[in-house]
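Written out below as structure tokens is the structure these notes cover.
The values are calculated or read from the model by the stated rules, or taken from the named source; none is laboratory data. Fair warning: this is a prediction, and the values are worked out from it, not measured in the lab. Note that each Cβ is placed from the backbone with ideal geometry, even for glycine, and that neighbours are counted across all protein chains shown.
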Amino acid sequence: MKSQKTIDRAPTNGERKGKDFASDQDVRWCPGCGDYTILKQVQNLMPKTGIDPENIVFIAGIGCSSRFPYYMNTYGIHGIHGRAPAIATGLKAAQPKLSVWVVTGDGDGLSIGGNHMIHTLRRNLDLNILLFNNEIYGLTKGQYSPTSRVGHVTRSTPMGSIDNPFNPLSLALGANGSFVARTMDRDPKHLQVLLERTHLHKGTSFLEIYQNCIVFNDGAFNSYTDKSTRDTTSIYLEDGQPLKFGPDDRHGIRLDGYRPEVVDLQKGDWSDDDLWIHDEKDRNKAWLLTTFFEDNREVGHLPRPFGVLFAEERSTYEGLLQDQIAAAKDQHGEPNLDELLAGEETWVVT
Amino acid sequence: MSIQQKFKKEVTIRFAGDSGDGIQLTGSQFTNTTALTGNDLSTFPDYPAEIRAPAGTVHGVSGFQIHFGSKAIYTPGDTCDVLIVMNAAALKANLQSLKSGGIIIANTDGFGKKDLSLAKYDPTATPLQDAKNSGYTVIEIDVTKMTRESLKETGLPPKDVDRCKNMFVLGVVYWLYSRPMESTIKFLNKKFSTKPIIAEANIKALKDGYTFGIATEIFSERYSVEAAPIDPGTYRNITGNDAVALAITAVANKSDLPVFLGSYPITPASDILHSLSRLKHFGVTTYQAEDEIAAITAAIGASFGGSLGVTTSSGPGIALKTESIALATMLELPLLIVNVQRAGPSTGLPTKTEQADLLQAFYGRAGECPIAILAASSPADCFDITYEACRIAVEHMIPVMLLTDGYIANGAEPWKLPKADELKPVTFQYQKPRENGQDKPSFRPYVRDENQVRPWAIPGTKGLMHRVGGLEKEHETGNISYDPDNHQMMITFREQKRDNIARFIPDQSMDEGGDSGKLLVIGWGSTYGSIKSAVYEAIEEGYEVSYTHLRYLSPFPKNLGDMLNRFDRILVPEINSGQLVKILRDQFLVPAEGYNRVRGVPFTVAELKDKIIEMCTS
């Protein structure tokens, strides 16, 4: 996949390589876990950002994905369940110059920490949130998660889940997230590009990463990666480009009013000019894209979009906060502690 | 008839009226004037939990009590000498707080049929006459009529005129207690500087109220209260919540240490958030989070980044924060947690006071989780003890729980201003960077000093990259460790670190009485004023009793055990069902006895004195 928005390769943090961002700790995920690829791609991204490791912080909650900070040779906090966005908010507000990453999972970020997630998205601090979605609880050994599909049989749902799952990208967009994107562990190149975009976006970036749990939910996303199915189940978004997918890009998506429709480009009835042109800044269309969320076992479903669904630059919380601090300093001048302590009225006892 | 001038050593006045009657403002004006007169004083506001309870009902009554005198004053007073009521509901809600034979000043216009009905009196009731029959002195003034008369030339609409009623009453009370009006006149001119007509009207009502006292013959006596012997210095009035906010700001300013407050609104702690939000230019950043957990975890994030993280709440909010307090204990970062206690459990009585969160502070977390605990003893003490709490948090890299409560948070007393120059900065040093080439082997974040304190290594510092987390740490390296012996060692280190604080706090001293004897009264928190007054009076009456008040609760001052052992009996009065008493018995094996009442209100001096005398004579 091409993108004009990748990082201009001019690293200023020495001649570091990805492996220089690996900590001295043994990585302890299950063999074959999708987390390994994500860790490697994040480590590979780091030299390209040009940011020195002492200015980077990884913050996580609890869960398999949340062990991530221990494996990065940066600063890091392995916090408590669901609270990583809140910890990151305090750190970023107090130290706006740091590059702060939040690593979370579908249980950590959308269930126990759902409240912090939506409030962080609306505030729009310049944070990078990586949500590893494996549609299962791994560390607690296999219960269904808020993204597990209806009917999913797990240790806590022996008769199948009756919970309607979250659509994470609709949720992020609904919370007024300024950057909403999706990628997957099995496509390291796409993952790398999306990580770069996540880093470059100024504001809260929400990157959902489909991540395979080899032990408790193996193959959950196979249909998006298997050669036999991926052409019809997934669509890769490019800003300014028409929505096309399928073998030899033979399918396109056009908008009939607000209704997306799959069309065949090889029959001659439709051409590229008729198709929906992806515009990352169009919130309404982004909303429609997030709703391409049908179960891919259903006939006639729309393909699952990967890439940046929505990106909009707007004021960051820490930027507005710094503005207010500067305005307060302008207004009050040099702080005078004696005056402050004295308050409005004093009296003297002799 | 001539009016007699009488001298009083101490007086307690309670203003009461509808929420819309301006009672709090009237009370605070009387307080400022009284302070300027040189009296010692203590005040307590008593207002309804509802923002705008229905007018004229008992639920909507707002009260303000001031106790002032020519001697040292430690409490807002058990009962009042004078009760000022603006309507029938105010009388109904407050008559029980008036001393027998006390004075009622009543606005008769607030005692009409409708007022009686709203206050749920019988339609034929005559509460003022009943009060007279019960031996109270009742001064009846039609305040509404008098104020309208006073302001008829101003041309102001009746709504604005009626809003000056409280100033008319204040004028009457100023006359009755021989107080000057200048301070209030100055205040009104400033408050209504953009509306001079309103300022003039309020001032005229105030003066006419004062003149009313002189001109009419409804009072047979007038009182003066001489100045109290007070330490020389510059004073202001301060509430506990304001004192907490000022101390946090002073620490930031004096120590050149950024402070980050993460908070979620909760009664009665919100005023600390309000005050600090206005002090951004002093290096204080405030953040209103989405919930209690986000508030404290954001503060922890900021502490990791080199700020002093602070969170403020009350009992129910603290309950939500407990897991985060444990995280901060494991991360060994500075953190100040202020618990402005209120009456519980659950939502309880949110505007009423209690000190029932002490065991929560000691034990309310999963695992062995030692933190430091301090408690403020009065509104003014909130400044010193908050300053201390910040110092301990930073110098010992530990979460500190500071306990205040609704009573001292909202109550006010004169505070002798410290000089900024004389405040000692909190000492801290971030871990120094390591140059290129020095960053092998990895930085070890859990290497401890002689007090078991680990270094504060903040992001942005070269060569110190490290990871912290809630999983057990390996000694020195800070890496994850499941080793049994290492866990035991780290548990012990964290406890020793908390205990070592005792070397850096003052020894416990006696507030009243001798160093040994038959009876020691020991208290903590906002009961200070009541216990101090009760013990003082008991000693004056010849009883042998000593008193000490704890401000440092975890760790205790290192001489506390010796002190307790020098007494035959120990009395522990607390506004809970017996919490400190449990801890003292547990830690020191002493036969401490509790005196416990949990009614949402402070102890009266009288009940404590009774208990002390009972113990001295049994």
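With the structure loaded, tell me whether A:Asn212 is within 19 Å of A:Gln41 (Cα to Cα) and at pLDDT 95 or above or whether it fails that test.
Yes.
Check B:Tyr528 against each of (1) aromatic (Phe, Trp, Tyr); (2) more than 30 Å from B:Pro602 (Cα to Cα); (3) in contact with a strand residue (DSSP E or B) (Cβ under 6 Å, 6 or more places away or on another chain) and name the one condition it does not meet.
Exception for B:Tyr528: condition (2).
Scan the helices (runs of 4 or more DSSP H) fully inside segment A:279-350 and keep the ones with 3 or more residues being at pLDDT 95 or above and within 14 Å of another protein chain (Cβ to nearest Cβ).
Hits in segment A:279-350: A:317-332, A:337-342.
Okay, residues lined up against (1) more than 22 Å from B:Arg498 (Cα to Cα); (2) in a loop (DSSP other than H, G, I, E, B); (3) free of Cβ contacts under 8 Å to residues at least 24 places away in the same chain:
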| site | (1), (2), (3) |
| --- | --- |
| B:Ile373 | no, no, no |
| B:Asp384 | no, no, no |
| B:Ala389 | no, no, no |
| B:Ala393 | no, no, no |
| B:Met397 | no, yes, no |
| B:Val400 | no, no, no |
| B:Thr404 | no, no, no |
| B:Glu413 | yes, no, no |
| B:Pro425 | no, yes, no |
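Among the candidates B:Lys558, B:Lys582, which residue alone is more than 20 Å from B:Pro76 (Cα to Cα), in contact (Cβ under 8 Å) with a residue 60 or more places away in the chain and basic (Lys, Arg)?
B:Lys582
Would you be able to tell me the number of residues in segment A:153-197 that are more than 18 Å from A:Gly113 (Cβ to Cβ), in a loop (DSSP other than H, G, I, E, B) and either within 18 Å of the chain's Cα centre (by Cα) or in contact (Cβ under 8 Å) with a residue 24 or more places away in the chain (or both)?
4
Please state which of the following conditions B:Thr216 fails to meet, knowing it meets all the rest: (1) more than 7 Å from chain A (Cβ to nearest Cβ); (2) in contact (Cβ under 8 Å) with a residue 12 or more places away in the chain.
(2)
Could you pull out the residue among B:Thr79, B:Thr34, B:Thr26, B:Thr57 that is of a type in the set (Val, Ile, Thr) and buried (at least 24 other Cβ atoms within 10 Å of the Cβ)?
When all the criteria are applied, what remains is B:Thr34.
State all residues of segment B:119-131 that are surrounded by 14 or more Cβ atoms within 10 Å (Cβ to Cβ) and within 37 Å of the chain's Cα centre (by Cα); if no residue qualifies, say none.
B:Ala119, B:Tyr121, B:Pro127, B:Leu128, B:Asp130, B:Ala131
For segment B:500-531, name all the residues that are over 17 Å from B:Ala375 (Cα atoms) and either within 14 Å of chain A (Cβ to nearest Cβ) or not aliphatic (A, V, I, L, M) (or both).
Correct list: B:Asn500, B:Arg503, B:Glu512, B:Gly513, B:Gly514, B:Asp515, B:Ser516, B:Gly517, B:Lys518.
Name every residue in segment B:349-368 that is out of contact with any strand residue (DSSP E or B) (no Cβ under 7 Å at 6 or more places or on another chain), part of a loop (DSSP other than H, G, I, E, B) and without any contact (Cβ under 8 Å) to a residue 60 or more places away in the chain, in order of residue number.
B:Gly364, B:Arg365, B:Ala366, B:Gly367
Name the residues in segment A:129-146 that are surrounded by 24 or more Cβ atoms within 10 Å (Cβ to Cβ) and in contact with a helix residue (DSSP H, G or I) (Cβ under 6 Å, 6 or more places away or on another chain), would you?
Across segment A:129-146, the qualifying residues are A:Leu131, A:Phe132, A:Asn133, A:Tyr137, A:Ser145.
Is it the case, given these coordinates, that A:Arg155 is surrounded by 18 or more Cβ atoms within 10 Å (Cβ to Cβ) and touching a strand residue (DSSP E or B) at 6+ places or on another chain (Cβ under 8 Å)?
no
Within segment B:440-455, take every residue that is among the hydrophobic types (A, V, I, L, M, F, W, C) and touching an Asp or Glu at 6+ places or on another chain (Cβ under 9 Å) and give me the one that is nearest to A:Ala94 (Cα to Cα).
Ranking the candidates gives B:Val453 first.
Scanning segment B:44-59 for residues that are over 20 Å from B:Thr347 (Cβ atoms) and either of a type in the set (A, V, I, L, M) or outside any strand (DSSP E or B) (or both), which turns out nearest to the chain's Cα centre (by Cα)?
Once the filter is applied, the top-ranked residue is B:Val58.
For segment B:148-164, how many residues meet the condition of being hydrophobic (A, V, I, L, M, F, W, C) and part of a helix (DSSP H, G or I)?
1
How about segment B:220-304: which strands (runs of 3 or more DSSP E) wholly inside it have at least 3 residues that are small (Gly, Ala, Ser) and at the interface with chain A (Cβ under 8 Å from one of its Cβ atoms)?
In segment B:220-304, no matching strands (runs of 3 or more DSSP E) lie anywhere.
Which count do you get for residues in segment B:102-116 that are touching a residue at least 24 places away in the same chain (Cβ under 8 Å), more than 20 Å from B:Ile66 (Cβ to Cβ) and not hydroxyl-bearing (Ser, Thr, Tyr)?
Total satisfying the criteria: 6.
Under 9 Å between Cβ atoms, at least 6 apart or on separate chains: pull out the pairs that start in segment B:121-148 with a residue that is assigned by TED's automatic domain parsing to the domain that holds B:Ser97 and end on any residue that is loosely packed, with under 13 Cβ neighbours inside 10 Å and assigned to a helix (DSSP H, G or I).
Between residues of segment B:121-148 that are assigned by TED's automatic domain parsing to the domain that holds B:Ser97 and residues that are loosely packed, with under 13 Cβ neighbours inside 10 Å and assigned to a helix (DSSP H, G or I), the close pairs are B:Pro123/B:Lys113; B:Val138/B:Gln129; B:Arg148/B:Pro158.
Of the residues that make up segment B:472-481, is at least one at pLDDT 95 or above, of a type outside the set (A, V, I, L, M) and under 39 Å from the mean Cα position of the chain (by Cα)?
yes
With the condition kept exactly as written, say whether any residue in segment B:447-454 is assigned to a loop (DSSP other than H, G, I, E, B) and under 24 Å from A:His81 (Cα atoms).
no
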